[in-house]
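Engineer: This is the structure I have questions about; it appears just below.
The values are calculated or read from the model by the stated rules, or taken from the named source; none is laboratory data. All values derive from a computational prediction rather than experimental measurement. Backbone-built Cβ (ideal geometry, glycine too); neighbour counts: all protein chains shown. SASA here: full protein model, heavy atoms, side chains in, ligands and nucleic acids out. Shrake-Rupley method; radii C 1.70, N 1.55, O 1.52, S 1.80 Å.
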Amino acid sequence: MSLNRIILADLKFFNKYSQYDIYVPLNLGYIVSHVRKVFGDSVEASIHLDATKFIAQCLQIKPDLIGFSVYTWNYRLTRTVIRILREKLGPDVVIVLGGPTVEDNEPSQTALFASIPEIDAIVYGEGEIGLVNLAKAIVENDQLDKTQPIQNVVLWNDGLVYHKGAKRDLLDLSTLDSPYLTGMMDKFFDGKLV
């Protein structure tokens, strides 16, 4: 399996009350910055907030890897979108979940896999490290082998959890390009700043 497209989402609710909110997914900006540092132009990566537009984009481009940053406030929305995408895109797309709601202990991870069985992996700790490690494993093995542990990633296969232990690799963010300075975050301001 080649890895050409990664699409990430930090989903939020859009309605008449939130339409003027400025929310910039800096967390995903740094992850994409690290993906670009490691893979260069060989992997296309994008970030989304709006669930409807995100689903449409995924169905149009059929990404190789879909990642979600999940919080307590967007958990149900994220779970619903994951279920829709798994049904529409099938088992070949790798779906991964990360973010501050993801804990680094096995009972919590097992419960998360049980509540969203459509996901293939969980990234815990530094998302920049875990997502790139997952992407490298996919490229090196030509697919995701759910029984081969990956650092900062937990895999789920037939009700069993595979991981390399609780040790987390850390990334010095000062080594990454700023997502603001590269223009990656511009679309999230959408002319709302003075």
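Engineer: Among the aspartates and glutamates, select those whose C-alpha is under 15 Å from the C-alpha of Lys53, and discard any that sit fewer than 8 residues away in the same chain.
Structural biologist: Of all the aspartates and glutamates, those that pass the test against Lys53 - Cα under 15 Å, at least 8 places apart if same chain - are Asp10.
Engineer: Express as a percent, rounded to the nearest 5, the fraction of DSSP beta bridges in the chain (both residues included) that run antiparallel.
Structural biologist: Working: 7 of 24 bridges.
Rounded to the nearest five, the antiparallel share is 30 percent.
Engineer: Treating the beta-carbon of each Lys and Arg as +1 and of each Asp and Glu as -1, no other charges, what is the dipole magnitude of the stretch 59-159 about its Cα centre, to the nearest 20 debye?
Structural biologist: Computed about the Cα centre, the dipole is about 480 debye.
Engineer: Same structure, new question: When you count, for each residue, the other Cβ atoms within 10 Å and take the mean per peptide, how do 69-79, 176-186 rank with the highest first? Show your work: numbers first, answer last.
Structural biologist: Working: 69-79: 17.3, 176-186: 15.1.
Those peptides, ordered most packed to least, come out 69-79, 176-186.
Engineer: While we're looking at this one, here's another question. Considering only C-alpha atoms, what is the centroid distance from the stretch 39-63 to the stretch 136-181, in Å?
Structural biologist: 20 Å
Engineer: Let me ask something additional. Could you report the chain's accessible area per residue, 1.4 Å probe, as an integer in Å²?
Structural biologist: 51 Å²
Engineer: Going Cα to Cα from Lys88, which aspartates and glutamates come in below 19 Å? Please leave out same-chain ones fewer than 8 positions away.
Structural biologist: Excluding near neighbours in sequence, the set is Asp50, Asp64, Glu118, Asp120.
Engineer: What's the carbon and sulfur percent of the stretch 100-194's accessible surface, probe 1.4 angstrom, rounded to a whole number?
Structural biologist: That share works out to 49 percent.
Engineer: So for the stretch 1-119, taking the charge dipole from beta-carbon charges (+1 Lys/Arg, -1 Asp/Glu), which of Leu3, Val32, Pro63 sits furthest toward the positive end?
Structural biologist: Of the listed residues, the answer is Pro63.
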